[in-house]
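Below: the structure, in structure tokens.
Read-outs throughout are calculated quantities, based only on the coordinates presented, and are distinct from any laboratory measurement. Computed from a predicted model, the values in this text were never measured in an experiment. Here the Cβ positions follow ideal geometry from the backbone for every residue, glycine too, while neighbour counts run over all protein chains shown.
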């Protein structure tokens, strides 16, 4: 049966007729909205990030980390054109409201416009960081884009140039929508909705964590906001600021990354499971149908020679056998004294040994590492909202100590080396913290050229970090970096090191693992392990292998010392 095998990252609906989903399994699936049964499937060569319907519903456009957007017919998903000029991930694509044109937003900092034949019509250059969102103005051949550079820019198709530049004081904005009267609504990482009306600007505090998606039904004047505080809020849009009109907590399987109005009564949501979830906003009621989980592995570690994994379904497995269940997507596994920490989308820290909840934070969690402070085992957990959550662990007892303000953006990795902790973030920054005092030693705002995705301790105060910029950095205790080119062609997702710090393994979303030998100063191993992407790397000291978990649910063993 046609279904997703990895989380659904994007969703769109056309009236009450069709639903389109895009997934981390590279699949694009068209569903019958009335029966919720699949109608057709198409594939990208890498993660499918988003999808959109043309105004009349005859076409869909999909956006992918394979650096392309693709145009397909509805309902059979026959490929019409490939928009292939991007040099990095395509985050979003949108149809012109009345002309056969498509605009794309790419992490190569550019906005592009294509016609339906695949011909590049225009390229807009001016953003200083990844372009995350793009929309057409309803009354003109103009586009509006938002970027990680903290600006919203307005572009003219007629002149090929910039006609408006709005500085949001460096605060990243992941999502924008445009009302029929040309007002712009933007959602930022501070949990705010910003209304931009010509020169006038107003701000509404909407959520307790970053706003990840705004969706507007201009005809009915309804706005939906999704946040990593795990709420959906509904707003009535009139002449002034949006007014609260309801909302709901999100079920554990819903990914607050994408949603769409479906027909007159429903909003459909992306999930971490095999299909989408529906919510009747008029009745304030979620669909109660069962959704099968996906079985991707997000983390794998070796404990006493046994392989522990956890993933999208929150099931802890030991050597492939179910051991415990957190019932929510988890991103990491980390041994801390007698406890095995895990956590993820719900913002909860669990003990992976038994699924017991240990602590609740206000936003999702990405990573954790243990350390010793005042002679007692502690752990620091990295959160989407930039904090390092410090936990004190004595036996089975876990107590929250404090939150350290590590970064202004999502913490993507934490590591320990000597008396230092090291963290990297989605804003490309890096921070050092002293274990013995819990004092922040230093922060480098521009430690990487793009989003940093992970880090590892190398011993003696040295660390390694990886980034979307395709570089491996080796950091000295005095915050100096050696920058090393890697064999990777797509964003590097994770990094780990052997116990002696000699071998550094790097894994990419493209499924590739490459190992760097610090002594010989060369890449000693490079192979694509899977088409599904490598989600985590860890080192097994007993077998001297790296464990590479994958979104396909498998764990691949890679010898630290190649034969």
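Before moving on, here are some points about what is shown:
- Here the gap between residue 34 and residue 99, fully extended at 0.36 nm per residue and compared with their Cα-Cα distance, gives a gain of 20.5 nm.
- Length gained on full extension, residue 121 to residue 159: 12.5 nm, using 0.36 nm per residue less the C-alpha separation.
- Distance between the pseudo-spin-label points of residue 544 and residue 79 (7 Å out from Cα toward the beta carbon): 4.5 nm.
- Stretching residue 419 away from residue 399 to a fully extended chain increases their span by 5.0 nm, per 0.36 nm per residue minus the current alpha-carbon distance.
- Entry for Cα Rg over 2.2 N^0.38 Å (calculated from the structure that is shown) out of [x] 1.27; [y] 1.12; [z] 0.93: [z]
- FRET efficiency, residue 526 to residue 338 (Cβ-Cβ, R0 45 Å, nearest 0.05): 0.75
- Using C-alpha pairs below 8 Å separated by at least 6 residues, the relative contact order for region 412-563 is 13 percent.
- Listed peptides 157-164, 527-534 by packing density, highest first (mean Cβ within 10 Å): 527-534, 157-164
- Relative contact order of the chain, pairs being alpha-carbon contacts under 8 Å that are 6 or more residues apart, as %: 7
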